[in-house]
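The values are calculated or read from the model by the stated rules, or taken from the named source; none is laboratory data. Keep in mind the model is a prediction, meaning the values are calculated, not measured. Neighbour counts run over all protein chains shown; Cβ positions are idealised from the backbone, glycine included.
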């Protein structure tokens, strides 16, 4: 039997200006001191930071601090002098006797020291932890509230200053959402006065909750959901929520939950993980591993009716758990699932592979200051100049010792990285 790697999609799409995620979408502060959600200001893992050094000393960029944390793949979000993430309490990392709780924590961004923690029951019984335990989802900040989803499909709204629970829901017990076998993965998203996240329950593939009260605003869709995180897009002036299903990709009205369109994208075990990428030309790029591949869709709408045209499909690029970065007419991702995972560039016009680079293991990516920031699963970080012709690696350093599947966070020129046991910050300034 083939071993399935974890449903870590949050790892399941992707700025330093005030950005509207879509026509009616919530505006997220994209200033240098904020990374408020999965994927950063534009939810695409690209920021407008400048002043990043073009090379590093042999040992890597200056390390500002490092601390033990605990298991999990939740990425880091940052606002001002505080950072937030999720983890299973440290100290029981024998992978035999794990903690039966998970924690949402606020930390000092300058030192990594804990400011507050909210710990809740999250039993591992019935979960497949062969490739590590969650939490997997990345929190979200809107105003004074922090939203976080645990492995057992619990959603919490917390006061970001104190960690006090304002409201919560157990989506399995309350709405019959199925429990993902490796733990819940998608990261919540804000739209107007709601919080939206995939649920997968009966007639509730996706749900929206009032940000302040937690009241259900709408339920939409009747398809099994994948484990990737949704994104908001603008299709010819219409806001749309793009959701990864287990067997398709879907467009949903983020204001009502109405299904607008679907397009087949079937993956073994329903493991659509990597977040889709939306960009110029109304082009939606989706890539998955597990006997799938990459396809490019062109969307258009008139009178509320959306037309979806597949531009091409190919199975040579198969992004597993990583992020994709679109740079004009090509895109970069780490391709592969069970075997080697080279960094691959794909031509968006044709779907042809432009090049492959094998200097890094399975990787996640950020893009800033015309540079690609690379984090591979072996604990190496890298800096590179990408082009259609190839990947010019400027620097590479080993900085973590455990399996690292979490995408880094870049705030200003400070890079935050984590693996399954520790969290660290590095200074990337020139």
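Quick one: count up the residues across segment 114-123 that are part of a loop (DSSP other than H, G, I, E, B) and surrounded by fewer than 17 Cβ atoms within 10 Å (Cβ to Cβ). Residues that pass the stated criteria total 1.
With a requirement of 3 or more residues that are closer than 17 Å to residue 358 by Cα, the strands (runs of 3 or more DSSP E) lying completely within segment 381-427 that satisfy it span 391-398. I'd like to check something: does segment 226-236 contain any residue that is in a strand (DSSP E or B), at pLDDT 95 or above and more than 20 Å from residue 138 (Cβ to Cβ)? For segment 226-236, residues in a strand (DSSP E or B), at pLDDT 95 or above and more than 20 Å from residue 138 (Cβ to Cβ): present.
Just wondering, is there one or more residues in segment 262-284 that are modelled with pLDDT of 95 or more, farther than 21 Å from residue 45 by Cβ and buried (at least 17 other Cβ atoms within 10 Å of the Cβ)? The answer is yes; a qualifying residue exists.
Every test in (1) touching a strand residue (DSSP E or B) at 6+ places or on another chain (Cβ under 6 Å); (2) at positive phi is passed by residue 192 save one, and that test is (1). Residue by residue through segment 298-332, note down the ones that are surrounded by 23 or more Cβ atoms within 10 Å (Cβ to Cβ) and closer than 27 Å to residue 236 by Cα. Those that are surrounded by 23 or more Cβ atoms within 10 Å (Cβ to Cβ) and closer than 27 Å to residue 236 by Cα: 299, 323, 324, 331, 332.
This table checks each residue for (1) within 19 Å of residue 413 (Cβ to Cβ); (2) within 20 Å of the chain's Cα centre (by Cα); (3) at pLDDT 95 or above; (4) surrounded by 24 or more Cβ atoms within 10 Å (Cβ to Cβ).
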residue: 59; (1), (2), (3), (4): yes, no, no, no
residue: 62; (1), (2), (3), (4): yes, no, yes, no
residue: 77; (1), (2), (3), (4): yes, yes, yes, yes
residue: 98; (1), (2), (3), (4): no, no, no, no
residue: 102; (1), (2), (3), (4): no, yes, yes, yes
residue: 106; (1), (2), (3), (4): no, yes, yes, no
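In the set 221, 228, 237, only one residue is at positive phi, crowded, with 16+ Cβ neighbours inside 10 Å and out of contact with any helix residue (DSSP H, G or I) (no Cβ under 6 Å at 6 or more places or on another chain); that residue is 221.
When segment 130-162 is filtered for residues that are at pLDDT below 95 and either surrounded by 18 or more Cβ atoms within 10 Å (Cβ to Cβ) or in contact with a strand residue (DSSP E or B) (Cβ under 8 Å, 6 or more places away or on another chain) (or both), the ones remaining, listed by number, are 132, 133, 134. Counting the residues of segment 271-292 that are in contact with a strand residue (DSSP E or B) (Cβ under 6 Å, 6 or more places away or on another chain) and at positive phi gives 1.
Scanning segment 363-373 finds no residues that are at pLDDT 95 or above and over 22 Å from the mean Cα position of the chain (by Cα).
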